[in-house]
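For reference, the structure is listed below as structure tokens.
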Amino acid sequence: MRLKTLCIGMMAVFLLSVAVPSFAADYTIKFSHVVAVDTPKGQAANKFKKLVEKRTDGRVMVEVYPNASLYSDREAIEALQMNSIQMACPSFSKFTGFVPELQIFDLPFLFEDRDHLYKFMDSSVGQELLNMVKKQNLKGLAYWDNGFKQISLKDTPIRVPEDVAGKKFRIMSSKVLEAQFKAVDASPQVLPFSEVYSALQQGVVDGQENTISNIYTKKFHEVQNYLTLSNHGYLGYMLVTNQMFWNKLPSDLQDTILECVEDATKYERKKAKELNMSQLEKIRDSGEVEIHELTDKERQAWQKEMQEIYPEFYDVIGEQRIQKALDLAE
Ligand code: LMR
């Protein structure tokens with residue numbers, strides 16, 4: 001009798017274990033990024049997760065790790081190459097050691113506005129650059145937007161290039177950005193995004209350049225006294241995945257994920273415009289920094305000095321690519 005009960009029990013356990021559906025996904029995409037959730041990239045990463053999980057009926061799950069909680073800057077690209085994560089969206093500057101041609105996006109005063117940028121990204125050169133990450137075992141999925149960079153300092157208002165002479169500025173890891181600050185006699189220092197706030201607070205650097213969205217969400221304006229709306233350079237991203245991981249996905253999932261990328265990209269561009277505008281108002285309302293908008297004359301002075309660095313990068317980036325970008329201006 002006891003044996004019979006035991007057998008029935010074992011049978012029940014076996015049946016349950018095969019009958020209960022497994023909720024484990026077929027594929028998991030770990031998506032690591034360094035910015036806050038309330039940024040264009042942060043919001044779009046979460047949107048992408050929702051779209052993918054819904055449209056693949058949970059066959060693909062997306063785990064998003066914001067705020068450099070998993071990897072920061074360069075480490076994220078290396079982790080992606082090793083398939084420790086399957087998706088990242090680093091700014092173009094972070095690709096310098098991998099695909100130096102992407103530094104074209106860092107060239108100061110190259111793009112007039114967002115429309116100019118989008119035109120370039122959609123052009124044959126933009127698509128060529130997107131494909132260049134292949135040689136690094138990566139697949140470029142899309143360009144994601146943030147916005148134009150603004151410049152800030154702790155102790156000096158910034159109007160003309162002479163105002164930043166001798167000042168230490170945090171930059172992303174890009175030779176172009178290094179040259180850009182040297183062109184105005186400032187001293188650039190590469191630091192990971194996750195260290196910028198404390199570097200500003202402790203005076204390791206005097207200032208920084210970034211988009212309004214990054215400045216606001218990481219509270220840089222609270223440790224700076226002067227912010228100048230200079231729009232001198234652009235900060236955007238490439239959404240990338242690991243090529244081998246991608247190749248192993250069944251083609252129906254690849255198609256669905258590409259559709260999700262397309263929709264998340266549209267959403268991302270919208271958020272980039274909205275957040276950079278609304279967060280500027282929040283910075284203004286905080287009263288933490290004095291805000292100055294460059295006059296046309298002041299802007300021309302910055303442009304003249306900073307654009308002098310272009311020839312230095314003709315070989316690395318390709319003179320024709322730079323010319324193509326300039327030709328696409330209205
Ligand atoms: C930075 O390091 O300033 C940016 O690349 C951060 C980001 O990803 O927007």
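Data for the structure
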quantity: Boolean, residue 158 is of a type in the set (Val, Ile, Thr), away from the ligand (no atom under 16 Å from the Cβ) and under 18 Å from residue 227 (Cβ atoms); calculated: yes
quantity: Residues of region 304-330 satisfying the condition of being closer than 20 Å to residue 161 by Cβ and exposed (fewer than 15 other Cβ atoms within 10 Å of the Cβ); calculated: 304, 308, 311, 312
quantity: Scope region 223-244; condition more than 14 Å from the ligand (Cβ to nearest atom) and either modelled with pLDDT under 95 or under 21 Å from the mean Cα position of the chain (by Cα) (or both); matching residues; calculated: 229, 230, 231, 232, 241, 242, 243
quantity: Any pair with Cβ under 7 angstrom, 6 or more apart, that starts in region 228-253 at a residue that is over 19 Å from residue 79 (Cβ atoms) and assigned to a loop (DSSP other than H, G, I, E, B) and ends at one that is open to solvent by less than 10 Å² (accessible area, probe 1.4 Å) and of a type in the set (Val, Ile, Thr); calculated: 230/151; 232/151
quantity: Test result for residue 262, assigned to a helix (DSSP H, G or I), at negative phi, without any contact (Cβ under 8 Å) to a residue 12 or more places away in the chain and not hydroxyl-bearing (Ser, Thr, Tyr); calculated: no
quantity: Qualifying residues in region 266-295 (those that are open to solvent by less than 60 Å² (accessible area, probe 1.4 Å) and closer than 27 Å to residue 161 by Cβ) - the one nearest to the chain's Cα centre (by Cα); calculated: 276
quantity: Matching residues, region 164-179, being among the hydrophobic types (A, V, I, L, M, F, W, C) and either away from the ligand (no atom under 16 Å from the Cβ) or part of a helix (DSSP H, G or I) (or both); calculated: 164, 165, 176, 177, 179
quantity: Residue match in region 121-141 (condition: open to solvent by less than 10 Å² (accessible area, probe 1.4 Å) and assigned to a loop (DSSP other than H, G, I, E, B)); calculated: no
quantity: Region 184-204, subset under 25 Å from residue 307 (Cα atoms) and more than 22 Å from the chain's Cα centre (by Cα), residue farthest from the ligand (Cβ to nearest atom); calculated: 185
quantity: Some residue of region 213-222 being more than 16 Å from the ligand (Cβ to nearest atom), open to solvent by 40 Å² or more (accessible area, probe 1.4 Å) and assigned to a strand (DSSP E or B); calculated: no
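Conditions tested, residue by residue: (1) within 12 Å of the ligand (Cβ to nearest atom); (2) surrounded by 21 or more Cβ atoms within 10 Å (Cβ to Cβ); (3) within 17 Å of the chain's Cα centre (by Cα).
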| site | (1), (2), (3) |
| --- | --- |
| 45 | yes, yes, yes |
| 52 | no, yes, no |
| 57 | no, no, no |
| 62 | no, yes, no |
| 65 | no, no, yes |
| 76 | yes, yes, yes |
| 87 | no, yes, yes |
| 90 | yes, yes, yes |
| 93 | yes, yes, yes |
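The values are calculated or read from the model by the stated rules, or taken from the named source; none is laboratory data. Quick caveat: nothing in here was measured; it's all calculated off a predicted structure. Using ideal geometry, Cβ is built from the backbone for each residue, glycine included, and neighbour counts are taken over all protein chains shown. Side chains are part of the model used for accessible areas, which takes the heavy atoms of the whole protein and leaves out ligands, DNA and RNA. Shrake-Rupley method; radii C 1.70, N 1.55, O 1.52, S 1.80 Å.
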